[in-house]
Each structure stands twice: as structure tokens, then as C-alpha cells.
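*Asks:* Got a structure here, written out as C-alpha cells. Questions coming.
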Amino acid sequence: MLCGLFSVSAANAAKTLEDVKENGHLQCGVTTGLPGFSQPDDKGNWTGIDVDTCRAVAAAIFGDAQAVEFTPLTAKERFTALQSGEIDMLSRNTTWTLTRDASLGLNFAGTNYYDGQGFLINKDIGVDDANQLDGATICIQSGTTTELNLSDYFRSEGMEYQAIVFDTSEQTVQGFSAGRCDVLTSDRSQLAALRSKLSDPDSAKILPNTISKEPLGPVVRQGDDQWFNIVKWVLSVQINAEELGITSDNADDMLKSDNPGIQRLLGTDGDMGEKLGLPDDFGYQAIKLVGNYGEMYDRNVGPDTPLGLDRGLNALWTDGGVLYAPPVR
């Protein structure tokens, strides 16, 4: 079955940009609803850091950040939807791993959030560290890297656990809230999002332990280097823009800059867009209409949002984080 999907993928992938332009919009796969990453409101308006990643690509192509439609997908559905051509790109808090990169006919186009797996517990169980979870009942979402990470961690610590598996993150938090498990495990950012959904968020806490590396980012089909480069470089432009001090508010003023790096990024000098098959001002459009990486982070998951996440690893490399993008030159 997968071989058939790969052949369809190869046939569709080589003309993704052409198809996107013909359709008049980008089709982007996101979660079924995760605060801070991809969540629709009651009017169907999507917000989140993964949503903004999609909107930036749409802005770069069309000069219109709204020229994107969202396909909500479960963890089990996400890769098949991309392989089959149902979506043009996947931006769904998805971990970059060797197996996914090398055996599913997919390419990861970068990292838009560096994360790690942790544990959310009910404070009443009186646990302060993950090494105290021997015998715990743990809610977990199927089709994710968290299942294998959990097994690896408990085996290495000589502990046992009972897994209760759900299809969606919404179901896992409902199971945890209903007392079906002592612990909910997922990426730490997702735990913060799910904790915010509890009727009493203060009744639960995230343990200090981080048991894995989870670089999350957008994904495309293999077989179309142009499209791979477009998604990769739009994200890189957002990261570089923050480093250069370019924001959605000052992008117009920055068009007058005599800084060569700013000129190349915004398209006032050189042919960077042409090399990708895009307008030379693709970087300006992405930043003006969506913002740089820091703006995207702060409005969706930052300290002043319900998730309240500090930048941490997701700070620029110049500010003590690991965020580092190749130069636009």
C-alpha cells in the first residue's frame, strides 16, 4: 500500500508550486486542535505557530497570508494525507526522525519548535520526578514518537507502566481529566496546551524531566526539490529576519536599509526569490504579513499567552538558544 502512495507522491510532488498556484491557495495539514500550534475558533479561524508557518508560505507565494486552507488531521492520518497529495505541506507539531525522513517518502523542511517529551500529572498523586512513576497508568496518543520514547525511558529506568492509548490529543486530555490515568505524556509544549484545557489547570503540573529530543517542523513530499526549498527558505527567512531586527511593523521602513543582508532578505537587491521560483520580495511578504519567528512565537506560545512558554532552546543562537538559520545570500 505504501509503495502505491509513494508512486502517487512522486507523480504529484514534482509540480507542487504549479498546482498550488493553479488552485489559488495552499492546502496545509494541521492538528485537529492544539492551542498555540493549530487551533480553530468557533468561527473556523485557525491560529497557532504551525498555522503561521503555513500562512508565511502562502504569503511568499501569493502575497496573501490568507491564501491557505487547513486540513485537520490526526497523528495517524497526517503522513498518508501528505503522501497521497491531499495536502501540499504538513505543519502539525511533527517530530523529525530518521525513519520518517528516510522511509516515508517525505522531507522535513526545518524546525519551527524545539521540544522534548515530558509528563503531566495530577498534583494529588504526590510525585515530583518521573523516576517516581513506577506502576503508573499513562494516557498517550497513538501514532506518535511518544509511545517509543515512553517505552525506552521506563525500560532504561527499570520501571513498569500501563498505557491507555487514544487517537487524538483531545481524547488524551479528556481521559486524564476523567481520572482514567495518573499521568499524561507528550511533548512539553503540548502538555502546556493540554493543561490549559483542564477545568482546573492548577490541579495538574508538568514534571521537570525531559526524556527525549523532539525537533518539530514542516514536512513536504520527496521528489520536488523546488517545493522543499520554498518551505525550507520561508522558515529560514523568518528566523533570519528576527536576527536582523526586521518585523511586520518595520518591514516597510527596512526596505530603505543599506544593509546587504536586509536587502537580500526583503528582495530590494539580488534575485533570491527567482532562484526559488518566487517573486524576489517573497521574504518581505512573509515578514510583513505574518512576522518574523519571534513574533510568531510570542503571539502563539510565548510568556504572555495561556501556554506561557519561555523561548528556551527556541531563542536565537545569539541569545543562548539553538535557533540558527542559513544565510540568505
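The values are calculated or read from the model by the stated rules, or taken from the named source; none is laboratory data. For clarity, every value in this text was computed on a predicted model and none was experimentally measured. Here Cβ is always computed from backbone atoms with ideal geometry, including for glycine, and neighbour counts include all displayed protein chains. Each accessible area value is taken on the protein alone, full model and side chains, heavy atoms only, with ligands, DNA and RNA left out. Shrake-Rupley method; radii C 1.70, N 1.55, O 1.52, S 1.80 Å.
*Asks:* Let me spell it out: the conditions are (1) touching a helix residue (DSSP H, G or I) at 6+ places or on another chain (Cβ under 6 Å); (2) open to solvent by 10 Å² or more (accessible area, probe 1.4 Å); (3) under 23 Å from Y293 (Cβ atoms), and G105 meets all of them except one. Which number is the exception?
*Replies:* (3)
*Asks:* May I pose another question? Please determine, by comparing only the residues of the stretch 177-199 that are open to solvent by 20 Å² or more (accessible area, probe 1.4 Å) and under 21 Å from N131 (Cβ atoms), which one is modelled with the highest pLDDT.
*Replies:* By that ranking, first place goes to R188.
*Asks:* Another question, then. Mind listing just one residue for me: the one in the stretch 296-313 that is closer than 18 Å to P208 by Cβ and assigned to a helix (DSSP H, G or I) and, of those, farthest from the chain's Cα centre (by Cα)?
*Replies:* G312
*Asks:* Hey, any hits in the stretch 58-76 for a residue that's modelled with pLDDT under 95, within 30 Å of I140 (Cβ to Cβ) and aliphatic (A, V, I, L, M)?
*Replies:* Scanning the stretch 58-76, I find at least one residue that is modelled with pLDDT under 95, within 30 Å of I140 (Cβ to Cβ) and aliphatic (A, V, I, L, M), so the answer is yes.
*Asks:* Here is a list: G29, G48, G63. Which entry is out of contact with any Cys (no Cβ under 6 Å at 6 or more places or on another chain), on the phi > 0 side of the Ramachandran plot, touching a residue at least 60 places away in the same chain (Cβ under 8 Å) and crowded, with 22+ Cβ neighbours inside 10 Å?
*Replies:* Only one candidate qualifies: G48.
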